[in-house]
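Please read the structure below before turning to the comments.
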Amino acid sequence: MSYYKNREISKLIENEEFPGITSPEELYNALSDIWCRKTCAPRMQQNWTEENKTLGQCSITAFLAQDIFGGKVYGILTKNNNTHCFNVIGDYEFDLTSEQFGEEKLDYTDRTEQFRDIHFAKEEKKERYEFLKNELRKKLQNS
């Protein structure tokens, strides 16, 4: 596990809908068993692999993390001019899908707030988000 975070945080408030997920690390570990080609952005699915599970998962993961922990979702432009999403709660920043960029260092300073109504205007993205959320619920119920 090597996702971006600007500092360590041990625990956030537990959300009753997602019992047992009290930190980004716990969410990352749970999602590592769920992220798949089906949850990957369609334009990236051909490049998705088990070795790069976070590829194409940023917005749906960031909005799911927002459901669980609160805070805001922000986006930054990548070198390919795509928007990459991550989470901010107060002064704590984390990006559960940053490892998809390998050694590339992302700059989280020039960011814009992202909104689910805009992202989920794409029906396929909303469906991928709902699938990810439901799979997480199932996983937590079976734990």
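Quick note: the coordinates plus some simple rules give every number you see, no bench work behind them. Bear in mind the structure is a predicted one, so any value in this text is a computation, not a measurement. Methodologically, a virtual Cβ is constructed for each residue, glycine included, from the backbone with ideal geometry; neighbour enumeration extends over all protein chains shown.
How many percent of the alpha carbon pairs in the stretch 82-143 exceed a separation of 15 Å?
It works out to 66 percent of all Cα pairs.
Given C-alpha coordinates of the stretch 1-65, what is the ratio Rg to Rh with the Kirkwood estimate of Rh?
0.99
To the nearest 20 Debye, how big is the dipole of the stretch 5-143 about its Cα centre, given +1 on the beta carbon of each Lys and Arg and -1 on that of each Asp and Glu?
380 debye
Explain nothing, just compute: Karplus ³J(HN,Hα) = 6.51 cos²θ - 1.76 cosθ + 1.60, θ = phi - 60°, for every residue of the stretch 26-43 in order, whole Hz, x for Gly and Pro.
Running phi through 6.51 cos²θ - 1.76 cosθ + 1.60 with θ = phi - 60° gives 5, 5, 4, 4, 5, 5, 4, 8, 10, 3, 7, 4, 5, 8, 6, 4, x, 5 Hz.
Along the three principal axes, how long is the chain when you take its alpha carbons, biggest first, rounded to the nearest angstrom?
Taking max minus min along each principal axis of the Cα atoms, the chain gives 38, 33, 31 Å.
Stretch residue 131-residue 46 to full length: gain in nm at 0.36 nm per residue minus the Cα-Cα span?
Between residue 131 and residue 46, full extension yields an extra 28.7 nm.
Through the Karplus equation 6.51 cos²θ - 1.76 cosθ + 1.60, θ set to phi - 60°, convert the phi angles of the stretch 53-61 into ³J(HN,Hα) values in whole Hz; use x for Gly and Pro.
Working through the residues one at a time gives 5, 7, 4, x, 10, 4, 5, 5, 6 Hz.
In what sequence do 91, 67, 33 fall when counting other Cβ within 10 Å, fewest first?
Neighbour counts put them in this order, fewest first: 91, 33, 67.
Which one of 32, 98, 59 has the biggest mean-square fluctuation once the chain is modelled by GNM with Cα springs under 10 Å?
Judging by the Gaussian network model, the answer is 32.
Among 121, 83, 21, whose Cα projects farthest towards the positive end of the dipole of the stretch 21-141, with charges put on the beta-carbon of Lys, Arg (+1) and Asp, Glu (-1)?
121
Most fluctuating residue of 11, 79, 126 in a GNM of the chain with Cα springs under 10 Å: which is it?
So, out of 11, 79, 126, the one fluctuating most is 79.
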